[in-house]
Amino acid sequence: MRIKLSFSILAAALAFAVPGASAQTFPSKPFRIVSTFTPGAVADAAMRLIAQKMSDSVGQPVIVDAMPGAGGVLGAQIVVRAAPDGYTLLHCAPTTLVATPLILKTPPYDPIKDFTYVTHMADATLSLVVTNSLPVNNVKELIEYAKANPGKLAYGSNGVGASAHLEMELMKLKYGIDITHVPYKGGADGLNAAAAGQIPVAFAPLISSAQMAKAGKVRIIAVTAVKRFSGLPEYPSMGEQLSDYEKIPTGDEIVGPAGIPTAILRRLNVEMVKAINTPESLERLKSIGFVPVANTPEEHLAQIKRDMVVMAKAIKAANIKPE
């Protein structure tokens, strides 16, 4: 009995020692960051810069493996199946995590149970623009005009179910307005259509629309954020114009498979936050209209849970049915 007990104690001690030992030697091999963004896209370029900064700090290669497609689901499934040792991470848009369970009849993963949340890198900033001929100067005037002219306005977005589409559909639900949705392949296409007078209202990346606005081709009436974007503070935010504004999730998430040990997760968060907050990374993010966040794992998970509530309302408002 004593011998068996000793072996039991030793086995238990080893079981507790292994995670600690792995955390102490972490990292000891290259990282793989599966990115759901298209190679060459602004988010992809920012991630590669941040990955290099992280590599410089930890002394291990940090490889960004682009795997776009299916709204990020393909890349997410790879990470869900990866070993929870901290070496395989996912770089994706919030919609990959918070919209998938709502728009697929048989979701391939559970956003809460199947991931470990590392940090929300940054928020992406969109703008709400109008043509010069539309007699509105702010969001409240746009709402009033739409109410007075039901069904006569149309707005362009970056696609069905995309962030811009859901932004307006949530507004339509809240304020009882009737504006027709015109989906484009991307935000730039909608912006060009507005500049050409083909559509009166559109959502577009702020950096691109600011160039059009300065050229006098469109007017920016809001930035889709609670606060003004520090890179272009002359444009008012949605949050300061609408007291009940709920931002549709945007930006970049860093997550791993479920079950990453706490000590390793803490190290991952420290290194990722450090890489995001380097002067070069901050400047790159600002230049593409991103607002750095770099929060803690606990803050990240809480944010995702809030985002799921907002996303559910927006998807219901847009009448998007599970497929």
Quiz item: Within segment 57-70, which residues are in a helix (DSSP H, G or I) and without any contact (Cβ under 8 Å) to a residue 40 or more places away in the chain?
Solution: Ala70
Exercise. Please find, among Lys152, Lys185, Lys217, the residue that is in contact (Cβ under 8 Å) with a residue 40 or more places away in the chain and of a type outside the set (Gly, Ala, Ser).
Key: Lys217
Self-check item: segment 305-314 - residue that is in contact with a helix residue (DSSP H, G or I) (Cβ under 8 Å, 6 or more places away or on another chain) and surrounded by fewer than 21 Cβ atoms within 10 Å (Cβ to Cβ) and, of those, nearest to Ile50 (Cα to Cα)
Solution: Met308
Quiz item: Counting only residues that are among the aliphatic types (A, V, I, L, M) and surrounded by fewer than 19 Cβ atoms within 10 Å (Cβ to Cβ), how many does segment 196-231 have?
Solution: 4
Quiz prompt | Test result for His165, at pLDDT 95 or above and either closer than 30 Å to Ser281 by Cβ or in the same structural domain as Thr262 (by TED's automatic domain parsing) (or both) | solution = no
Quiz item: Of all the helices (runs of 4 or more DSSP H) wholly in segment 87-183, which have at least 2 residues that are surrounded by 15 or more Cβ atoms within 10 Å (Cβ to Cβ) and out of contact with any helix residue (DSSP H, G or I) (no Cβ under 7 Å at 6 or more places or on another chain)?
Solution: 139-148, 163-175
Quiz item: Just one of the numbered conditions (1) among the small types (Gly, Ala, Ser); (2) part of a loop (DSSP other than H, G, I, E, B); (3) within 21 Å of the chain's Cα centre (by Cα) is not true of Gly197; which one?
Solution: (3)
Exercise. Give the residue that is surrounded by the fewest Cβ atoms within 10 Å (Cβ to Cβ), with candidates limited to residues of segment 234-265 that are assigned to a helix (DSSP H, G or I) and free of Cβ contacts under 8 Å to residues at least 24 places away in the same chain.
Key: Thr262
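The values are calculated or read from the model by the stated rules, or taken from the named source; none is laboratory data. Given the structure is predicted, the values throughout are model-derived calculations rather than measurements. For neighbour counting, all protein chains shown are included, and Cβ atoms are generated from backbone atoms with ideal geometry for every residue, glycine included.
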